[in-house]
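The values are calculated or read from the model by the stated rules, or taken from the named source; none is laboratory data. Model, not experiment: these values are computed from the prediction. Don't worry about glycine lacking a Cβ; one is built from the backbone with ideal geometry, like all the others, and counts go over all protein chains shown.
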Amino acid sequence: MFELLQKKIGAQVRLSEAEVDLCNSMFGQRSIRKRQYLLQEGEVCRYQYFVSRGILRSYTTDDKGAEHILQFASEGWWMADLYSFFTGEASLYNMEAIEDAEVLMISRDNWDRLLQELPKLEHYFRVLLQNHLVATQRRLLVSLSEPAEQRYLRFMDAYPDCLQRVPQHMIAAYLGITKESLSRLRSRMSRKD
């Protein structure tokens with residue numbers, strides 16, 4: 001279960017065998033069933049999750065009951081409500097498994113300890129947080145300025161493994177359109193090919 005995590009870390013920093021063992025010891029493991037929550041709105045996000053197997057989603061529900069999906073995370077991706085994780089304040093989001101999943105999880109105390117004992121991991125997590133910030137800014141800009149077709153093309157690039165594994169209504173919620181609009185959009189795009 002730790003192989004994928006160490007592969008991702010190893011792409012940024014080199015760890016000795018003892019450092020790998022120390023790193024792995026800071027994480028817990030958890031199996032999650034499809035539709036099971038890792039976090040619900042109003043709870044404090046106590047862990048950052050690394051997906052070893054399966055797909056998670058982070059979303060919020062508006063006053064009318066419509067879901068707004070912020071992120072999908074499949075194998076090799078991280079998920080957390082970072083604001084809640086770092087401040088200890090209640091989360092505004094829900095995090096749920098779309099399919100049965102296996103995750104590695106690290107608490108704030110273990111995360112701080114890991115960075116203190118293995119300073120070179122600060123580089124890994126800094127790059128991770130930088131990439132997250134850039135992706136969030138781009139997603140916001142795209143949501144505000146690009147037509148649905150362009151947003152869908154970007155989704156296909158960002159989440160190619162989700163196209164067959166995530167229900168269409170969730171993809172539509174991520175794109176900010178109805179599932180009917182997504183169906184028409186996909187039909188139009190298939191006729192162009």
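Tabulated data
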quantity: Residue that is surrounded by the most Cβ atoms within 10 Å (Cβ to Cβ), among those in region 72-86 that are farther than 22 Å from F2 by Cβ and touching a helix residue (DSSP H, G or I) at 6+ places or on another chain (Cβ under 8 Å); calculated: F72
quantity: V20 closer than 28 Å to P167 by Cα, among the hydrophobic types (A, V, I, L, M, F, W, C) and outside any loop (DSSP other than H, G, I, E, B); calculated: no
quantity: Every residue from region 22-77 that is under 20 Å from Q12 (Cα atoms) and not hydroxyl-bearing (S, T, Y); calculated: L22, C23, N24, M26, F27, Q48, F50, V51, A73, E75, G76, W77
quantity: Where a residue in region 30-51 is of a type in the set (D, E) and its partner, wherever it lies, is in a loop (DSSP other than H, G, I, E, B), with Cβ under 9 Å and at least six apart; calculated: E41/S91; E41/L92; E41/Y93; E43/S91
quantity: Residues located in region 93-142, provided they are in contact with a strand residue (DSSP E or B) (Cβ under 6 Å, 6 or more places away or on another chain) and more than 23 Å from E3 (Cβ to Cβ); calculated: Y93, N94, M95, E96
quantity: In region 152-175, residue farthest from E67 (Cα to Cα) [restricted to those that are in contact with a helix residue (DSSP H, G or I) (Cβ under 7 Å, 6 or more places away or on another chain) and modelled with pLDDT of 90 or more]; calculated: Y152
